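Step one of this worksheet: look at the structure below.
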Amino acid sequence: MANYKKTKKKILALLEAIAEGAELFTLSYRYQKAFMFDGLEGVKRVRDAVERKQLRRELAYLKRKKLIEEHRRGERVLYCLTDEGKRRLLCVRVRQAPLRADGSLTIVIFDIPESERAARDAFRWFLRENGFRRLQQSVWATNRSVTQPLLEFIRSHKLATWINLIEGRVLLGDADFRRKLKREQKK
């Protein structure tokens, strides 16, 4: 047992050395001038500067698109999501939700009144854009595990009084709908 532990430690040390060597090789190749003048420390400084520049560029893009807001508190800078940023994040979470392994569906049934037409249209758009399929006029379903992000969206838009959210299986129903969901699953 002791030999096994020693061998394991040696193998791990060897793998770490190989990883460090590979990183050194790739960095020296990518940042050749910095490596020639300042060695590995110069390469690390250049790499860190490139990463900081990329981060600043991405933050500026998000601010320009009004997805985040910048708040200064003393010397600290804090970034917060705007309402649009939160909405987009929810959309991404719904689109990237894993498929349900058990074959069940998330079914949304809603009856939003005509007086709330803008909210109803926004909700339909949200469902359509995020991979839900329409079973009937106000009944939509997906085979993804989207319960949590969907609940967040419903609560944030104050739609809970008009929406029923169900998880289950379709036992009888439109065969065309099931084919569409299977096609979605293969993608």
Subject >> Single residue of Ser115, Ser138, Ser156, Ser104 found to be in contact (Cβ under 8 Å) with a residue 60 or more places away in the chain and either surrounded by 14 or more Cβ atoms within 10 Å (Cβ to Cβ) or farther than 19 Å from Asp83 by Cα (or both) >> reply: Ser104
Subject >> Checking Val108 against (1) modelled with pLDDT of 90 or more; (2) in a loop (DSSP other than H, G, I, E, B), the condition it does not meet >> reply: (2)
Original post:
Hey, among Leu105, Leu90, which residue is closer than 19 Å to Lys158 by Cα and either in contact with a helix residue (DSSP H, G or I) (Cβ under 8 Å, 6 or more places away or on another chain) or assigned by TED's automatic domain parsing to the domain that holds Ala160 (or both)?
Top reply: Leu90
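For (1) under 30 Å from Lys86 (Cα atoms); (2) at pLDDT 70 or above; (3) of a type in the set (A, V, I, L, M), each residue gets a yes or a no:
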{"site": "Ser28", "(1), (2), (3)": "no, no, no"}
{"site": "Phe35", "(1), (2), (3)": "no, no, no"}
{"site": "Leu40", "(1), (2), (3)": "no, no, yes"}
{"site": "Val43", "(1), (2), (3)": "no, yes, yes"}
{"site": "Arg52", "(1), (2), (3)": "yes, yes, no"}
{"site": "Leu59", "(1), (2), (3)": "yes, yes, yes"}
{"site": "Arg64", "(1), (2), (3)": "yes, yes, no"}
**OP:** Tell me which of these Glu84 doesn't satisfy, since it passes every other one: (1) farther than 30 Å from Thr142 by Cβ; (2) of a type in the set (Asp, Glu); (3) at pLDDT 85 or above.
**Re:** (1)
Original post:
Looking at segment 119-158, which of its residues are of a type in the set (A, V, I, L, M) and either under 18 Å from Arg88 (Cα atoms) or not assigned by TED's automatic domain parsing to the domain that holds Gly103 (or both)?
Top reply: Ala119, Ala122, Leu127, Val146, Leu150, Leu151, Ile154
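The values are calculated or read from the model by the stated rules, or taken from the named source; none is laboratory data. This one's a predicted model, so the numbers in the text were calculated from it and none came from an experiment. Cβ atoms come from the backbone with ideal geometry, glycine included; neighbour counts cover every protein chain shown.
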